[in-house]
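Working notes, beginning with the structure itself.
Every read-out reported here was derived from the displayed coordinates using simple, explicitly stated rules and does not represent laboratory data. From a predicted model like this one, the values you see are computed outputs, not experimental measurements. Neighbour counts run over all protein chains shown; Cβ positions are idealised from the backbone, glycine included.
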Amino acid sequence: MPLGLLALALGGFGIGLTEFVIMGLLPEVAADFNVGEATAGWLISGYALAVVVGALLLTAAVTRFERKPVLAVLLVLFVAGNLISAAAPDYAVMMIGRIVAALAHGAFFGIGAVVAAGMVAPTKKAGAIAIMFTGLTAANVLGVPFGTMLGQAAGWRSTFWAITGIGVLALAGILALVPRTGRGDAASGGLRRELGAFRSGQVWLSILVTILGYGGMFGAFTYIAFTLTEVTGFASATVPWILILFGIGLFIGNTVGGKAADRNVDRTLLVVLAVLVVVLVAFALTAGNQPLTIAAIILMGGFGFAAVPGMQMRVMKYAASAPTLASGANIGAFNVGNALGAWLGGVTITAGLGYTSPIWAGAGITLLGLGVMAFAAATDKRHQAGEATPDAPAPAAVVHVSAEPAAVATSFHR
């Protein structure tokens, strides 16, 4: 395994910790800033929306530069955002810090996924992306629970100071271990070609699957601390330990999902999303039972993250001739889903539907994602069947470029 993948995973660990750890500390942050649960939840949604902006605008701005220095600069921005959050005197400044840190998130994972895939053989690309995303799962297995315990013991700000230090270590790892990989789109036609990838209907369908599939899991997870304490009856001190179990599920799901996606991306996503819907419904129905809740949380993490490598790989597959911006856009899509799930969960709680209502909302969002994935897979299968028929005329909407087998086409098929 290339050592550069470990460096990318370390960066993913720091960024994942920033994104996820606040969920375990949301009651403490809300109390410190004297805001309600839904308002505190905007520190999650605001972060997610800023990721989308960074994923699109920053990635578009830096695709012509060499990727390794770009990754380093993005981590500097990440460190600065966490410094602001750690020292924030009020809610507004805290939100600014979250936004600054989030701007680096999408571009880092978008560019990093392309770098990771380029380090290995074609048959191992989804697995390489999964290794990079292992940083996110490690952030949940180790970082979030212990970060939550640190925040509960020494104040939530101490957690963000610790994240700042991790960001510095991640920066050193990128500089030392990631090889020079050349520039982004400079050799392949510039930003116009990167934007051309979005003429593919399958790219857009893949992005929509990411938004809905990931958003469903986050709709259930954003307010998990309130669900565990107010519905299931766990003590606050127990929450970090339960989050460790959630993180173990993430780790297993991410690893197995990456290997499965290397064999068949569409089949993997269809199966995983279908099972995730069942898990979320079961969780909502049994949230008052402690043993069943623990089982549901492990399964929710496992199947929620089993889809992640496949979601990222699918977008890169259909934007193969210009993957950098499309990859970054899909990272943004993960966080649109994050924001959608957090917002809808907050709406249901504010409406007085209780702390299981975000889980029901998450199940509904995931079901929509499954429907879109089924449509995308069926459309692609029909196209492949048409191409396999010798006498079948080529669809007029598809643009074939003989010099580029992976040329982007203006239809749902390429």
remark   = hull vol. (C-alpha, convex hull) per residue for the stretch 1-123, Å³ -> 111
Distance (nanometres) between label positions extended 7 Å along Cα→Cβ at N264 and V53 = 4.3
message = Given Cα positions, please report Rg to Rh for the stretch 57-112, the hydrodynamic radius being the Kirkwood one.
response = 1.06
task = Apply 1/(1 + (r/R0)^6) to the Cβ-Cβ distance of L285 and A176, taking R0 = 56 Å, and write down the FRET efficiency to the nearest 0.05.
result = 0.70
ask   = For the peptides 150-159, 285-294, what is the packing order when you average, over each peptide's residues, the other Cβ atoms within 10 Å and list the highest mean first?
value = 150-159, 285-294
ask   = Taking the simple approach of a point 7 Å from Cα along Cα-to-Cβ for both D90 and T238, what is their distance in nm?
value = 3.9
message = Taking R0 as 41 Å, what FRET efficiency do you get between L353 and L169 from their Cβ-Cβ distance, rounded to the nearest 0.05?
response = 0.45
message = Taking 51 Å as R0, compute the FRET efficiency from the Cβ-Cβ separation of R382 and L142 and round it to 0.05.
response = 0.70
